[in-house]
Amino acid sequence: MSGAPGTPKIPYGGDYNPEQWPAEVADADHRLFTKAGVDTLTVGVFAWSLLQPAEDVYDFEVLDRILDRAAAEGRRVVLATGTAAVPPWLARRYPEVNRTDFEGRRHGYGQRHNFCPGSPAYRRLSTALADRVAERYAGHPALLAWHINNEYGGACYCGLCADAFRDWLRDKYGTLDALNDAWWTTFWSHRYTDWAEIEPPSALTEHWRGPDHTAFQGITLDYHRFMTDALLGCFLAEKEAIRAHSASTPVTTNFMGLFRPLDYHRWAPHLDFASWDSYPPLDAPPTVPALAHDLMRGLKDGAPFWLMEQTPSTTACRDVNPLRRPGELRLASWQAVAHGADAVLYFQMRASRGACEKYHGAVIGHAGRDDTRVFREVAALGRELAELGPATLGARTPARTALLFDWDSWWALEISDGPSRLVKYPDVVHAYYRAARAAGADVDVVPVTADLSAYDVVLAPVLHLVKGDLAERLEAVAERGGTVVTSFLSGRGDEHDRAFLTDVPGPLGALTGVRVDEWDSRPADVTNPVRLGEGESGLEAAGRLVFEIVTPLGVAEPVGTYTSDFYAGSPAVTRNRFGRRGGEGWYVATRLDDAGTEWVVRRVLDRHGLVGPYAEHAGVETAHRVAPDGRTLLFLLNHTTDPVELTAHATGTDLLTGKRTGRGDPLALDPLGVAVLRLE
């Protein structure tokens, strides 16, 4: 089985924890669920201590009651295995299940994400619980999907993980000679002669001043990969237990967008459908959640994903937790659908009475009222989704622009000594994504292993590591007339983060047509003006953080130049003609400001006819999806608090209002307004 569950409309609801309340509260809850249009509940996420109060005792009375009530009310359930946080008895009986942190401290019981993935006790008992849950509920009429664990994350540095790391390394490298070469261990007399000599990279071994300061990038990079695989192993063990009883019901786990500790691309093949929890800072630009949506969609080759969690009002985990203003919840939910979400779910359905999430937003507050602003907005959106029906389900995004996203490059860049620790991978990636979205382009955010043959434009900023045949596949994009844009600190290392024994940018040199011999790193408040283009179409932008000194080769030509310091007049942005069909490779040698990045990206998109018809309307986001029946859906999202008047570029019918608009007709968007046009 692959793909998301089949449903007659977008599933609507979210995390529900009635085990925290007396049974009679469920009567009020389900009355309110009906009023709000809630048809889907995620249950059992943190129920381990109730389902298994002792190692040899299971008690499913509470879960029976929850699922039976859901079925009686006509609601479907995303059923969790309950293994996200271990119960106290387990940690006390098997203390090795408690993690050892980066500082070498074995933790006592507490919090969540609190298990060692290398613990045999955790693996055995979590798998046994998943097996029992699946055996009992595989045929339940309320079951819609399986939800394994919750928001996997964290790392362990205990002896069990050290042994598992050594085994992982043996499988990866085969011999110590190969490992020593990959990690360049002749540096600082580190050459290993026995696998047992290898220790996890931590504050007690290779690191100083925290996890990003390591003497050997190779071992730290591999430990990130290993820990991703270790936690994936826990997921797969539970999935195997589920499949023994439930052969076809889809299985997922909820991701966290741009979450640095885990390489979600390594997980993607093992999910039936991707799902994630969206909690952007409410003052972030709308492209921040949009980038994460597109990253999640890209995990499964463009297939729709589920928005598994979002807050209906406010979070509780930050120092300051702003409230969503009227209309913002609706806009954020439709943005998720516009980018590929086939479900809209919340955390949480009823507010917890105690502990750290009692102030976290909820559909139903502590007083259980249905006349709050938040509940009214949730109910109004529920009615809209019900009226929309299946129109967007299964629809895909017809993007011709790809943005490469690579966890290995993220890790390697940010654990590197030099040139600058101020360069943050997600910030640079977001800058290029934001520029493409501002120009009205649909963007697929894809791994470096993705098939690039469908794209006219490939954006590959800070592609720090170039692995496998990636360079050749990028050249192939340009060979057929496409454009590739890459940037400073790209092409610097191989899969082990060893420098290429050639001019920077390594394997990207032929495509970009440049050579970089030197680079200047400066504090964040130091800028170097960059002149982009010429005449009225040009722009004075600012470069920051890293200034690479570029020598064009062959037919590469400067598009932008530095205007100060000793490298004034040298290229800051270049364009290289590549191949026989007019392809191009662009190189951006500094961290351009947003205006400069948008100038570069828009010119590249315009060359391929990919600038959208509403690109001049700042604050209006567009996104396309193509439904299974072949009809194109255009989403228009007004992220401003002012009304917007557009001129329709095509004829279509708004699925939310039923209003038909012809080409050239006025098209109005309310403040924070949304239109979903089925184009003719």
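Summed over the stretch 628-647, residues that are farther than 30 Å from A284 by Cβ and either buried (at least 19 other Cβ atoms within 10 Å of the Cβ) or of a type in the set (D, E, K, R) (or both) total 2. Condition first: more than 21 Å from T392 (Cα to Cα) and of a type in the set (A, V, I, L, M). Now tell me which residues in the stretch 652-669 satisfy that. Matches in the stretch 652-669: L667, A668. For A471, state whether it is in contact with a Pro (Cβ under 8 Å, 6 or more places away or on another chain) and either not assigned by TED's automatic domain parsing to the domain that holds G543 or not basic (K, R) (or both). When the stated conditions are applied, A471 passes them. Taking the stretch 212-235 as the range and being assigned to a helix (DSSP H, G or I) and among the β-branched types (V, I, T) as the test, the residues that pass are I219, T220, T228. Answer with yes or no whether S313 is surrounded by 21 or more Cβ atoms within 10 Å (Cβ to Cβ) and over 18 Å from G153 (Cα atoms). Yes. With respect to the conditions (1) in contact with a strand residue (DSSP E or B) (Cβ under 6 Å, 6 or more places away or on another chain); (2) outside the structural domain of S521 (by TED's automatic domain parsing), T590 lacks only one, and its number is (2).
Counting only residues that are part of a helix (DSSP H, G or I) and surrounded by fewer than 20 Cβ atoms within 10 Å (Cβ to Cβ), the stretch 238-257 holds 2 of them. Can you say whether A650 is more than 23 Å from A541 (Cα to Cα) and either surrounded by 20 or more Cβ atoms within 10 Å (Cβ to Cβ) or among the acidic types (D, E) (or both), as far as the supplied structure shows? When the stated conditions are applied, A650 does not pass them.
Would you be able to say whether some residue in the stretch 432-439 is in a strand (DSSP E or B), of a type in the set (A, V, I, L, M) and out of contact with any Pro (no Cβ under 6 Å at 6 or more places or on another chain)? No - not one qualifying residue is present in the stretch 432-439.
Results for (1) more than 27 Å from W306 (Cβ to Cβ); (2) crowded, with 23+ Cβ neighbours inside 10 Å; (3) within 32 Å of the chain's Cα centre (by Cα), shown as yes or no for each residue.
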position	(1), (2), (3)
G37	no, no, yes
F46	no, no, yes
E61	yes, no, no
D64	no, no, no
A80	no, yes, yes
R93	yes, no, no
H113	no, no, yes
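Among what's in the stretch 179-203 and is under 19 Å from D163 (Cα atoms) and small (G, A, S), pick the residue that is surrounded by the fewest Cβ atoms within 10 Å (Cβ to Cβ). Restricting to residues being under 19 Å from D163 (Cα atoms) and small (G, A, S), the top hit is A196.
Hey, any hits in the stretch 551-574 for a residue that's in contact (Cβ under 8 Å) with a residue 60 or more places away in the chain and assigned by TED's automatic domain parsing to the domain that holds A435? Checked against the condition, which is being in contact (Cβ under 8 Å) with a residue 60 or more places away in the chain and assigned by TED's automatic domain parsing to the domain that holds A435, the stretch 551-574 yields at least one hit. Can you find a residue in the stretch 538-545 that is surrounded by 13 or more Cβ atoms within 10 Å (Cβ to Cβ) and under 21 Å from G482 (Cα atoms)? No, that holds for no residue. For the stretch 149-169, state whether one or more residues are more than 25 Å from the chain's Cα centre (by Cα), in a helix (DSSP H, G or I) and acidic (D, E). Checking the stretch 149-169: at least one residue is more than 25 Å from the chain's Cα centre (by Cα), in a helix (DSSP H, G or I) and acidic (D, E). The one condition from (1) surrounded by fewer than 20 Cβ atoms within 10 Å (Cβ to Cβ); (2) within 30 Å of E199 (Cβ to Cβ); (3) without any contact (Cβ under 8 Å) to a residue 40 or more places away in the chain that N98 does not meet is (1). Of the residues that sit in the stretch 608-661 and are acidic (D, E) and part of a strand (DSSP E or B), which one is nearest to Y433 (Cα to Cα)? Filtering first and then ranking leaves E621.
Within the stretch 230-267, the only residue that satisfies the criterion of being without any contact (Cβ under 8 Å) to a residue 60 or more places away in the chain and of a type in the set (G, A, S) is G257. Name the single residue, out of those in the stretch 309-353 being assigned to a helix (DSSP H, G or I) and of a type in the set (S, T, N, Q), that is nearest to G365 (Cα to Cα). Checked the stretch 309-353; the qualifying residue nearest to G365 (Cα to Cα) is S333.
Taken over the stretch 619-642, residues that are aliphatic (A, V, I, L, M) and in contact with a His (Cβ under 9 Å, 6 or more places away or on another chain) amount to 4.
The residue that is surrounded by the fewest Cβ atoms within 10 Å (Cβ to Cβ), counting only those in the stretch 258-294 that are outside any helix (DSSP H, G or I) and aliphatic (A, V, I, L, M), is A284. Test A541 against the criterion of being at pLDDT 95 or above, assigned to a strand (DSSP E or B) and small (G, A, S), and give yes or no. It is true that A541 is at pLDDT 95 or above, assigned to a strand (DSSP E or B) and small (G, A, S). Of the residues contained in the stretch 124-147, one or more are found to be assigned by TED's automatic domain parsing to the domain that holds I242, of a type outside the set (V, I, T), surrounded by 17 or more Cβ atoms within 10 Å (Cβ to Cβ) and closer than 30 Å to I198 by Cα.
If you check R421 against the conditions, is it surrounded by fewer than 20 Cβ atoms within 10 Å (Cβ to Cβ) and in a loop (DSSP other than H, G, I, E, B)? For R421, the condition - surrounded by fewer than 20 Cβ atoms within 10 Å (Cβ to Cβ) and in a loop (DSSP other than H, G, I, E, B) - is met. The set of residues in the stretch 499-539 that are of a type in the set (S, T, Y) and touching a strand residue (DSSP E or B) at 6+ places or on another chain (Cβ under 8 Å) comprises T512, S521, T527.
When G302 is tested against (1) within 21 Å of V448 (Cα to Cα); (2) outside any helix (DSSP H, G or I); (3) free of Cβ contacts under 8 Å to residues at least 40 places away in the same chain, just one condition goes unmet, and that condition is (3).
Taking the stretch 49-81, which residues are under 22 Å from G13 (Cβ atoms) and of a type in the set (V, I, T)? Result: V62, I66, V77, V78, T81.
The values are calculated or read from the model by the stated rules, or taken from the named source; none is laboratory data. If you're wondering where the values come from, they're calculated on a predicted model, not measured in any experiment. As a convention, Cβ positions derive from the backbone with ideal geometry for all residues, glycine included, and neighbour counts pool all protein chains shown.
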